[in-house]
Amino acid sequence: MPITGWIAILVLILMGYLLIKQYETRLVLFGGGFLLCCLALDPMAGLNAFAKTMVNPALIGAICSATGFAYCVTFTECDRSLVHYLTRPIRNVGLLMIPITSLLTFGINIAIPSAAGVGAVVGTTMIPLLLRAGFKPAAAAAAVLMGTTGSLLSPGLSHNAYVSDMAHMTIMELISYHGKFSLMIGVVGAIGLFIVCWLLGDNKGEKTSVQALEQQEATTDFKPSPIKALVPLIPIVLMLVFTFWVPSVKMGVAQAMVIGTIVCLLVSFRKPQEFSKEFFKGMGDSYGAIMGIIIAAGVLAAGLTASGLIKGLISVMVQSNEIAQWGGSIGPFVLSVLMGSGDAGAMAFNSAVTPHAAEFGMNIHSLGSLAFLAGAAGRTASPIAGITILVAGLAKANPFDVAKRTFVPMIVAVVLLAIFMR
């Protein structure tokens, strides 16, 4: 490996430190990648990667339309209606409230593919309910946090769009491939959290009546609507119907999201002008936040390639499929735990390593899926992740106490991914 390859390792260590210190993710990824390109005397490689990734139609269409729809669902409180009707039956089931809350959050997160969004909506309803049922604050927060891996099954998730485009598959084909493994993460997480909370005695607190919660709900202006509750599910239903039962109609993610948005407007009776602003605000925000990370990760991949590090890493992986299998799972998991982001580490890995999967006997779709599933598990186990801090704040708990309850179940899930996901 050339000297620039060893320099790249030092740059990666420095980048990891900066990300742990909560420096801006896109700046760190872009800066590290462009620096490596310059050191390799090929600055245009980084700039060309930037220009190429920022106009990728497959990614922009799926990601921006999905976020625009999600903004409209939140704006019209359709998400609150969905959560309201799904959570009412589980208010008095004892310790089973923990895994049920996780699985419920997992399911809602498929329809609302934003960890922060679903954490806020479900958390404001379920965390007070769990606290009143006698659960410790950290356990209540962990129950919601554990379910925020449900977005892995969402057509609007950026990783699904990115890996499917790289593997020349449709998004639904990719989800069909990793669906059982994504469900495994959700089930293993829920059962594992149940066991951890039982061992820690998290349900030993003093129980109080849920009457106060019901009175609090009655004093708000929010009025649940069963019709609104169905709106977040529309794009997913459309994608499933037209993919598996009416394949002659090519229903893409963007088309499904636009149809869902139109229905959302019709049932919400909101002013079209305000509604339109919210939709396009969501599209713009997602380009800057989500596409920005993908673009910056592309520059980093160009830098790692120019430095010779990727070539050296591939030569190691070629020696054994097992090395590639464990590297594609443990690597993104550890990076995500340390960075507090399931996107940065997985995107960097998939941009730099996954395109070469065939060289060490793997498929692009399998290695790419493995990396971002492991990254999602790592983010769920991280005490510095934004969603962990959010739900911990709602429960008035220490984020490290919350992560202490999700860490072991997520390690088990990643080990199972590395063993069975081939």
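The values are calculated or read from the model by the stated rules, or taken from the named source; none is laboratory data. This is a predicted model, so every value here is computed, not measured. A quick note on method: Cβ atoms are made from the backbone with ideal geometry, for glycine too, and the neighbour counts reach across all protein chains shown. Accessible surface is based on the protein model in full, side chains and every heavy atom, while ligands, DNA and RNA are left aside. Shrake-Rupley method; radii C 1.70, N 1.55, O 1.52, S 1.80 Å.
Output the qualifying pairs, or none if there are none: Cβ atoms under 8 angstrom, residues six or more apart or on different chains, first residue in the stretch 158-179 and closer than 17 Å to residue 290 by Cα, second residue open to solvent by 30 Å² or more (accessible area, probe 1.4 Å) and in a loop (DSSP other than H, G, I, E, B).
158/343; 159/343; 164/170; 165/56
State the number of residues belonging to the stretch 165-185 that are in a helix (DSSP H, G or I) and out of contact with any Ser or Thr (no Cβ under 6 Å at 6 or more places or on another chain).
Number of matching residues: 13.
Kindly evaluate residue 193 against the criterion of being at pLDDT 95 or above and either closer than 20 Å to residue 371 by Cβ or in contact with a strand residue (DSSP E or B) (Cβ under 6 Å, 6 or more places away or on another chain) (or both).
When the stated conditions are applied, residue 193 does not pass them.
From the set of residues in the stretch 148-182 that are among the polar types (S, T, N, Q) and open to solvent by 30 Å² or more (accessible area, probe 1.4 Å), which is farthest from residue 193 (Cα to Cα)?
The selected residue is 170.
Just wondering, is there one or more residues in the stretch 347-354 that are in contact with a His (Cβ under 9 Å, 6 or more places away or on another chain) and not polar (S, T, N, Q)?
Scanning the stretch 347-354 turns up at least one residue that is in contact with a His (Cβ under 9 Å, 6 or more places away or on another chain) and not polar (S, T, N, Q).
Looking at 341, 336 in this structure, which one is within 18 Å of residue 115 (Cβ to Cβ), among the polar types (S, T, N, Q) and not in a helix (DSSP H, G or I)?
Testing whether each residue is within 18 Å of residue 115 (Cβ to Cβ), among the polar types (S, T, N, Q) and not in a helix (DSSP H, G or I) leaves just 341.
Please enumerate the residues belonging to the stretch 271-302 that are among the acidic types (Asp, Glu) and in contact with a helix residue (DSSP H, G or I) (Cβ under 6 Å, 6 or more places away or on another chain).
278
Residues to consider are 70, 40, 49; find the one that is buried (at least 18 other Cβ atoms within 10 Å of the Cβ), among the aliphatic types (A, V, I, L, M), modelled with pLDDT under 90 and in contact with a Gly (Cβ under 9 Å, 6 or more places away or on another chain).
Residue meeting the stated conditions: 70.
Taking the stretch 270-327, which residues are β-branched (Val, Ile, Thr) and open to solvent by 40 Å² or more (accessible area, probe 1.4 Å)?
Listed by number, the residues that qualify are 290, 305, 316, 318, 323.
If we keep just the residues of the stretch 7-37 that are aromatic (Phe, Trp, Tyr) and modelled with pLDDT of 90 or more, which is surrounded by the most Cβ atoms within 10 Å (Cβ to Cβ)?
Among residues in the stretch 7-37 that are aromatic (Phe, Trp, Tyr) and modelled with pLDDT of 90 or more, the one surrounded by the most Cβ atoms within 10 Å (Cβ to Cβ) is 30.
Answer yes or no: is there a residue in the stretch 138-146 that is free of Cβ contacts under 8 Å to residues at least 60 places away in the same chain and open to solvent by 10 Å² or more (accessible area, probe 1.4 Å).
No: zero hits.
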